[in-house]
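Let me begin by presenting the structure, written as C-alpha cells, before commenting on it.
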Amino acid sequence: MDIFIASNRQLPIRYYVQEAVWIRRGGSTKLPDLTLPFFVEVEINSHYNLSIIRDYIIDFQKQYKQTEIQILIKNTAFLAAMQDMLASHEQPHHAITIYPLWTN
C-alpha cells in the first residue's frame with residue numbers, strides 16, 4: 001500500500017475508479033507507528049490525485065468535533081505534497097500527524 005490513514009474514529013471506505021484511488025479497510029497489518037484503532041489502506045497511482053485524499057480527510061473531520069489522524073506515506077514525494085496540502089487546513093480540534101512509511 002502507498003498510504004495508511006489511522007484515526008480514533010471509524011474511517012469510511014471509498015473507491016475512485018476513474019482516478020485509480022482506492023481507500024480500503026485496513027487488514028491485519030501491524031505497523032508499529034500506527035497507534036490509533038481504526039485505519040484504512042490507500043492505493044494511489046499518481047500524485048495528481050492526492051487532492052482526493054486531502055478532501056477525504058477534510059470531509060471526515062467535518063463529521064466530528066474532534067479527530068486524531070495519523071498518516072503514513074511510502075513515497076517521499078507524496079509525503080511532501082500531502083504535508084503541504086494539509087498544512088493550510090489545520091483546525092484546532094483535529095490533530096494530524098504525517099510520517100514516512102519505512103518498509104524493509
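Yes or no, residue by residue, for (1) within 12 Å of LEU72 (Cα to Cα); (2) among the aromatic types (Phe, Trp, Tyr); (3) within 11 Å of the chain's Cα centre (by Cα):
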| residue | (1), (2), (3) |
| --- | --- |
| ASN8 | no, no, no |
| VAL17 | no, no, no |
| ILE23 | no, no, yes |
| GLU41 | yes, no, yes |
| ASN49 | no, no, no |
| TYR56 | no, yes, yes |
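Every residue in region 2-34 that is of a type in the set (Gly, Ala, Ser) and either at pLDDT below 90 or over 16 Å from ILE98 (Cβ atoms) (or both), please.
Of all residues in region 2-34, those of a type in the set (Gly, Ala, Ser) come to 6-7, 20, 26-28.
Listed by number, the residues that qualify are ALA20, GLY26, GLY27, SER28.
With respect to the stated conditions, ILE98 fails to be touching a Phe, Trp or Tyr at 6+ places or on another chain (Cβ under 7 Å) and on the phi < 0 side of the Ramachandran plot. Considering region 48-102, and only residues there that are under 19 Å from TRP22 (Cβ atoms) and among the hydroxyl-bearing types (Ser, Thr, Tyr), the residue that is modelled with the highest pLDDT turns out to be TYR56.
The values are calculated or read from the model by the stated rules, or taken from the named source; none is laboratory data. Quick caveat: nothing in here was measured; it's all calculated off a predicted structure. Because the Cβ atoms are built from the backbone with ideal geometry, glycine has one as well, and the counts that use them run over all protein chains shown.
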